[in-house]
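Undergrad: Below is the structure I would like to discuss, written out as structure tokens.
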Amino acid sequence: MSPSVNVVAIDGPAGAGKSTIALELARVLNLPYLDTGAMYRGITCAVLRKGIDPSDESSVAQLALSTVLDISDNGLFVDGLDATLEIRGESVTRAVSSVASNSEVRSQLRELQRKWVTERGGGVVEGRDIATVVFPDARLKIYLTASPLVRAQRRVAQIGGDVEQIAQDIAERDHRDSTRIDSPLRESESALVVDTSNRTIEDVVNQIVVAFHG
């Protein structure tokens, strides 16, 4: 794979601020933005719509092959139906780790992610294995993190709920993502690690922009 000179690869756990930071960074750098997590959520949405068990690896992988994802700045459509809000719901959130741990699904979506970036000549791409697997030759690799409490508080601000319960859900998601066999969540050795706890969006984006141009 040729060097991805115009790719900023952003990884990190849930609640670290990836989407917020990546969106603003893409605006500042005038690059397209891709939320790969939304793609996995889109497949999960299709799985749940069909009544398929998310842990049924072969059935999930087969469905993923025929599922049409249309992702843009306007949201996400799954097989022609708007799923922008649906993919952020509780049912998808609880099932997405199981779907995302499916090696065949990951392989399919990695190719779609690379194609998406190639067609656009670069982009700010965020997820959990972007710098380590999808674009290991990215121009800039970022690993965003934050304290567990801050991450839980951010999620509650977004979707509501109890901080302690959300913190527990995040911890379980972290464990699943970091211990899965295929493309586990981890820091790339060459990534710039940025702790977003108690920092403004502008402050974090400015740090990354300096690193991008440096």
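Quick note: the coordinates plus some simple rules give every number you see, no bench work behind them. All of these numbers come straight from a predicted model, not from anything done at the bench. Counting neighbours? That spans all protein chains shown, and the Cβs are built from the backbone with ideal geometry, glycine included.
Undergrad: Taking θ as phi - 60°, what are the ³J(HN,Hα) couplings along the stretch 201-214 by the Karplus curve (6.51, -1.76, 1.60), each to the nearest whole Hz, with x for Gly and Pro?
TA: Result, rounded to whole Hz: 4, 4, 4, 5, 4, 4, 4, 5, 4, 4, 5, 5, 8, x.
Undergrad: R180's amide H: which non-local residues (gap 5+, or another chain) put their own amide H closer than 5 Å, with H modeled 1.01 Å from N in plane and none for Pro or chain starts?
TA: Those lying under 5 Å, H to H, from R180 are L185.
Undergrad: Could you give the spread of the C-alpha atoms of the chain along their three principal axes, from largest to smallest, in whole angstroms?
TA: 48, 43, 33
Undergrad: Over the stretch 56-181, with a single point scatterer placed on each C-alpha, what log10 of the ratio I(q)/I(0) does the Debye formula yield at q = 0.11, 0.12, 0.14 1/Å?
TA: -0.46, -0.56, -0.78
Undergrad: Could you name the lysines in cross-link range of K18, using Cα to Cα under 17 Å and dropping any fewer than eight places away on the same chain?
TA: K141
Undergrad: Taking H as built 1.01 Å from N, whose amide H comes closer than 5 Å to the amide H of L76, not counting residues under 5 places away?
TA: For L76, whose amide H was placed from the backbone, the distant partners under 5 Å are A83, T84.
Undergrad: Once the Cα gyration tensor of the stretch 36-120 is diagonalised, what are the square roots of 5 times its eigenvalues, in whole Å and ordered largest first, as equivalent ellipsoid semi-axes?
TA: The answer is 18, 16, 11 Å, longest axis first.
Undergrad: Long-range amide H contacts for I142: which residues qualify at under 5 Å (H placed 1.01 Å from N, peptide plane, sequence gap of 5 or more or a different chain)?
TA: Distant-sequence amide H within range of I142: A9, I10, D11, L192.
Undergrad: Can you tell me the relative contact order of the stretch 36-120? Whole percent, Cα pairs under 8 Å, sequence separation 6 or more.
TA: 34
Undergrad: Grab the other residues whose beta carbon is less than 11 angstrom from that of A22, score K and R as +1, D and E as -1, and report the net.
TA: Residues close to A22 contribute a combined charge of -2.
Undergrad: Ok, one more. Want the number for S178 to R139: 0.36 nm per residue separation, take away the alpha-carbon distance, what's left?
TA: Net length gain for the segment: 11.6 nm.
Undergrad: For E189 and R49, calculate 0.36 nm times their separation in residues minus their Cα-Cα distance, and state this gained length in nm to one decimal.
TA: This chain segment gains 46.5 nm when fully extended.
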